[in-house]
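J.: Have a look at the structure that comes next, please.
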Amino acid sequence: MFEGVFTALITPMRNGAIDERALHELVELQVAAGVDGLTPCGSTGEAATLSHAEHRRVIEVVVAAARGRVHVLAGTGSNSTAEAIALTRHAKEAGADGALLISPYYNKPTQEGVIAHYAAIARETSFPLVVYNIPGRTASNLLPSTFTRLAGIEQIVGVKESSGNLDQMAHLIASVPDSFAVLAGDDWATLPLLAIGGRGVISTTSNVAPSEMVSLVRALRAGDLARARDVHYRLLPLFDALFCETNPIPVKAAVAMRGLCGDEIRLPLLPLTAPNREQLQVVMKDLGLL
């Protein structure tokens, strides 16, 4: 179910509130570009600064706008297990197809604690769950041996892998069943991870260039490495530009440059700085995105 290109959607805002009209239009653009799924309320969607009511509403809007045409993998993670359970239950009730849950951050549980956290969410929600491993944001790294055990829990069906360590990713893929989807969490890693057995990507770049990310993944999954490599290197400057500052600062600016929403962003994040904005514009013009 969770493979191919999933877009980690930004959350458009206007005058301090969720811009539901723009969010609906972003969903339409993504569906038209051929993505396989949408992931609202992740780090790219500024989930950390959404109220619980806003978080729930964003998921509801995306599910309604998608109308079953693509899968919705809703971000529902928290470093509080009880809060993660509540958010995941809501996503299930709202009609999402599954939930993406970041490994608990700040409180830094042990590997055993992480397993207990996900097991409790699985038990209490009976919903397809994708684990999100991103040590750079959580200060803890989930090991391949941990995924061997997590993959034994029926509801846990995949991982968004953002460790940045391809050797670890290879050992992870070797340690889980073929049915367990290993997805790239970094756009630059899409090609190498799929080449060693990954199933897709949860992409920031596809907010800006969805058809190009779809082309990259489909070419590689069809065995056309030369075509996939061409697309990868064409997009490489964009991958770099979209992470020149903390995500989602650059990607929100990029989507705004395309006239798809405003570039309003919430503190403690600030708008993209002028030099990086200029460089991002150059890259996007070179790719024909402006």
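Just so it is clear, none of the values below were taken in a lab; they were calculated from the coordinates. In this text, all values refer to a predicted model and were calculated from it rather than measured experimentally. Virtual Cβ from ideal backbone geometry, glycine too; neighbours counted across all protein chains shown.
J.: How much net charge surrounds A254 when only other residues with a Cβ under 11 Å from its Cβ are counted (Lys, Arg +1; Asp, Glu -1)? Please report the intermediate quantities before stating the final value.
T.: Working: positive: K252, R258, R277; negative: D263.
Result for the neighbourhood of A254: +2.
J.: Pick from E28, E154, E93: which is most flexible by mean-square fluctuation in a GNM of the chain where alpha carbon atoms under 10 Å apart are linked?
T.: Of E28, E154, E93, the Gaussian network model singles out E93 as fluctuating most.
J.: With a Förster radius of 30 Å, plug the Cβ-Cβ distance of R14 and L290 into 1/(1 + (r/R0)^6) and report the FRET value to the nearest 0.05.
T.: Details: r = 22 Å, r/R0 = 0.73.
The computed FRET efficiency comes out at 0.85.
J.: Defining a contact as two alpha carbons under 8 Å apart and six or more residues distant in sequence, what relative contact order in percent does the chain show?
T.: 18
J.: Let me ask something additional. First select every other residue whose beta carbon is under 14 angstrom from the beta carbon of E93; then total the charges, Lys and Arg +1, Asp and Glu -1.
T.: Numbers: positive: R56, R57, R89, K92; negative: E60, D97, E124.
Residues near E93 contribute +1 overall.
J.: Expected output is a single nm value to one decimal: the length gained when fully extending between L269 and R69, i.e. 0.36 nm times separation in residues minus the C-alpha distance. What is it?
T.: Gain in length upon complete extension: 68.7 nm.
J.: What's the extension gain from N165 to H24 if we count 0.36 nm per residue and subtract their Cα-Cα distance?
T.: That works out to 47.2 nm of additional length.
J.: A follow-up question, please. Considering only the other residues whose Cβ falls under 14 Å of the Cβ of G158, what net charge follows from Lys and Arg at +1 and Asp and Glu at -1?
T.: Residues near G158 contribute -4 overall.
J.: Does the stretch 4-222 come out rounded, prolate or oblate by the C-alpha gyration tensor, with a ≥ b ≥ c the root eigenvalues, rounded set by a/c under 1.5 and, if not, prolate when a/b is larger than b/c and oblate if not?
T.: Taking the square roots of the gyration eigenvalues as a ≥ b ≥ c, the stretch 4-222 is oblate.
J.: Moving to a separate point now. So what is the calculated 222 nm ellipticity per residue for the chain, using -39500 (n - 2.57) for each DSSP H run with n of 4 or more, over all residues, to the nearest 500 deg cm²/dmol?
T.: Estimated from H runs of four or more residues: -14500 deg cm²/dmol.
J.: To the nearest 0.05, how large is the calculated FRET efficiency for S179 and Y106 if R₀ is 25 Å and r is the Cβ-Cβ distance?
T.: Numbers: r = 32 Å, r/R0 = 1.28.
Between S179 and Y106 the formula returns 0.20.
J.: Still on this structure: Output the peptides 190-199, 77-86 sorted from most to least packed, where packing is the average of other Cβ atoms within 10 Å over each peptide's residues.
T.: 190-199, 77-86
J.: Same structure, new question: Pull out the extension gain between M1 and A226, defined as 0.36 nm times the separation in residues minus the alpha carbon to alpha carbon distance; nm, one decimal. Before the final figure, lay out the partial values.
T.: Values: separation 225, 0.36 × 225 = 81.00 nm, distance 2.66 nm.
Between M1 and A226, full extension yields an extra 78.3 nm.
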